[in-house]
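These notes concern the structure reproduced below.
The values are calculated or read from the model by the stated rules, or taken from the named source; none is laboratory data. In this text, all values refer to a predicted model and were calculated from it rather than measured experimentally. Note that we place each Cβ from the backbone using ideal geometry, even for glycine, and neighbour counts take in every protein chain shown.
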Amino acid sequence: LPTFNSLAERVASQVIRGSSDNLNVPDESVDYIFADPPFGSNIYYADCSLLWETWLGTLTDESKEMVVSERRVDGPFKTLSDYSTMMSSAFQEMFRVLKPGRWATIEFNNSDGRVFEAIKKAVFDAGFQIVNMLLLDKKQKSFKQVRGAKGEDVVDKDVLFNLHKPAAVALEVRSEDR
């Protein structure tokens, strides 16, 4: 079996820190995408990272954080519409960089059906085809999922969306066009 070091020598890889709606990657240059997008209003990522980011001397620009947030008094306020717009932009960018005929897997779930539908709409609007959706049971429950067993509305499994970028645009010829 190959070791990590031997694979790293043969496979070009790149770590990019930045916004998912501007990947700074050439068009149609990526073979596969795995993404775990923000779960709507379930986790406030900038808040969770505040200690580490302060220590590193760089803070998340909360205006670019893809969440639904009603919690701030003096800070950014994000609606479901804001979240949907930002997720659409991110999926369009994924579509742009993915090679034709290739695949993306998105891990996602949310107990709010509106948030779940916003993700599906963003996927379709970008041009992807949802080939299937599979349940992922991680077995080990998060703190929030354990609390959910006591009555809080929390999902205990994620959904894996297997997305396909068509290799070519399908041409539809109708009988009345002939």
Cross-chain or 6+ apart pairs with Cβ under 8 Å, the stretch 88-105 first and part of a strand (DSSP E or B), then among the small types (Gly, Ala, Ser): 98/104; 99/29; 100/167; 100/168; 101/167; 104/35; 105/35
Which numbered condition residue 31 misses (of (1) within 19 Å of the chain's Cα centre (by Cα); (2) modelled with pLDDT under 75; (3) among the charged types (D, E, K, R)): (2)
Restricting the stretch 1-28 to residues that are among the charged types (D, E, K, R) and modelled with pLDDT of 70 or more, the residue that is nearest to residue 128 (Cα to Cα): 28
